[in-house]
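A quick write-up on the structure given underneath.
The values are calculated or read from the model by the stated rules, or taken from the named source; none is laboratory data. Source: prediction; values computed, not measured. All Cβ positions, glycine included, derive from the backbone under ideal geometry; neighbour counts span all protein chains shown. Accessible surface areas use protein heavy atoms only, side chains included; no ligands, DNA or RNA. Shrake-Rupley method; radii C 1.70, N 1.55, O 1.52, S 1.80 Å.
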Amino acid sequence: MSATAAPTVTVAAVEDLLLTSALAPTQVEVKDVSGGCGTSFKLNVVSTAFEGQRLLARQRLVYDALATVMPSIHAVIMTCKTPAQVAAAAAAAPAAPAPAPTPSV
Amino acid sequence: MNIMYAGGRSAAAAAARLSRTGAAPRAAAARRLTTAPTGGPVPAAAARPSVASLRQTPALRRLVGAGAARRSSVAASETHDDFKPVPSADAGADGDIQARIKEELDAHKVVLFMKGLPSAPACGFSYKVVSLLAGARVEYRAHNVLVDDALRSGIKAFSSWPTIPQLYVGGEFVGGSDIVEGMATSGELRQLLVDAGAYGEATPPPAPPAGA
């Protein structure tokens, strides 16, 4: 599947890594925001592993899960929530504002 | 070869912009996007003759030359002393770069490792952090990892964090652009900088003139 020239990271590969990681996420959304070249991803991860963890620690857990592909990825934009946070957000507001889009530099 | 060609086109487009008003700039912009010399949706005949004749004049050559010189001086400023990582005789030794980073973080309250320079960030994520720090009027040290591969990999190893930019306050790793942005929104960034004695340290920008 992956091209022989450049190591291309696919959405499916990122999803697999997250789902099979120690995070055991209850919800994973992966979007390639680099126009298909596999260098920038936007992740939405919901996991109980984030409980009691600050944002830095949460992102570290995600980076750990993606360690094997990170060298060929330029950027990962993440939302890391616990199931409780998702439930609370759903109760409070119909839809949270989406994070800012990736700058096209 | 492609690059030279593109340069020629934009020089031509610049010439068209110089020589005309009104619709011409738009035409020039459109022409820049076309690949075939005669192709494109724009009636090329309108702009081309003036482009051709302008391209011959020494004045334009000087103009284009000046532009090229400006560009290269921007590139040269990537290695401005203020931002140049300290070159060490035995750079490449991993322990050495780690020591250098530690030293830098011990000596300065707020340190940003980024792509490009604060005045010209080379990545949208670095730009975001620079903007947030500017908003907090923080005096900080910036390092351009793009001019130092040892630093680029060294800082990732230092924090066990795989991406750039990386912000450090009081010697502690704060995070990348997502985290810094989140902290700026929640007010945590301000508090962190206040605690570190760095908030509002830089000279505030001059107040806008009152009234008209």
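What list of ³J(HN,Hα) couplings, whole Hz, do you get for region A:61-66 from phi and the Karplus terms 6.51, -1.76, 1.60, once you set θ to phi - 60° and write x for glycine and proline?
4, 5, 4, 4, 5, 9
What is the interface area between chains B and A, defined as buried accessible area summed over both chains with a 1.4 Å probe, reported in Å² to the nearest 100? Present the calculation step by step, with values, prior to reporting the outcome.
Details: alone 12560 and 6550 Å², together 17740 Å².
Roughly 1400 Å² of accessible surface disappears when B and A pair.
Residues of A:76-82, mean number of Cβ from any other protein chain within 10 Å of their own Cβ, rounded to a whole number?
On the way: counts 4, 4, 3, 2, 1, 0, 0.
Per residue, the average neighbour count from other chains is 2.
For peptide B:147-158, what's the mean number of Cβ atoms from other chains within 10 Å of each residue's Cβ? List each step's numbers first, then the result.
On the way: counts 0, 0, 0, 0, 0, 0, 0, 0, 0, 2, 0, 0.
Mean partner-chain Cβ count within 10 Å for B:147-158: 0.
Evaluate E = 1/(1 + (r/R0)^6) for residue A:24 and residue B:202, where r is the Cβ-Cβ distance and R0 equals 51 Å; express this FRET efficiency to the nearest 0.05.
Details: r = 45 Å, r/R0 = 0.88.
FRET efficiency, residue A:24 to residue B:202: 0.70.
To the nearest 20 Debye, how big is the dipole of region B:97-196 about its Cα centre, given +1 on the beta carbon of each Lys and Arg and -1 on that of each Asp and Glu? The partial results should precede the final answer.
Values: 10 positive and 11 negative charges, 36 e Å.
Dipole about the Cα centre, nearest 20: 180 debye.
Could you work out the mean count of beta carbons from other protein chains within 10 Å of each residue's beta carbon in B:160-167? Walk me through the intermediate numbers first.
On the way: counts 4, 5, 11, 7, 2, 0, 0, 0.
Counting Cβ atoms of other protein chains within 10 Å of each residue's Cβ and averaging gives 4.
What residues have an amide H closer than 5 Å to that of residue B:174, excluding those fewer than 5 places away on the same chain, when H is modeled at 1.01 Å from N in the peptide plane?
So residue B:174 has HN proximity to B:167, B:168, B:169.
Once amide H atoms are placed 1.01 Å from N in the peptide plane, what residues at a sequence separation of 5 or more from residue A:34, or on another chain, have their amide H within under 5 Å of its amide H?
For residue A:34, the qualifying residues are A:39, A:40.
Where the Cα atoms of region A:11-82 are projected onto their three principal axes, how long is each span, largest first, in whole Å?
34, 20, 18
Probe of 1.4 angstrom, ligands and nucleic acids ignored: what's the accessible area per residue over region B:97-196, in square angstrom? Walk me through the numbers before you get to the answer.
Numbers: 3980 Å² over 100 residues.
Spelled out: the 1.4 Å probe surface of region B:97-196, per residue, equals 40 Å².
Long-range amide H contacts for residue B:116: which residues qualify at under 5 Å (H placed 1.01 Å from N, peptide plane, sequence gap of 5 or more or a different chain)?
When sequence neighbours closer than 5 places are left aside, the close amide H contacts are B:122, B:145, B:146.
Averaging over all projection directions, find the projected area of the Cα convex hull of region B:97-196 and quote it in nm² with one decimal place.
On the way: hull surface 22.2 nm².
Over every viewing direction, the Cα hull of region B:97-196 projects on average to 5.5 nm².
From the cross-link list A:81/B:102; A:31/A:81; A:42/B:102; A:42/B:109, which pairs have alpha carbons spaced over 24 Å apart?
Details: A:81/B:102 32 Å; A:31/A:81 17 Å; A:42/B:102 32 Å; A:42/B:109 31 Å.
Flagged as over cut-off: A:81/B:102; A:42/B:102; A:42/B:109.
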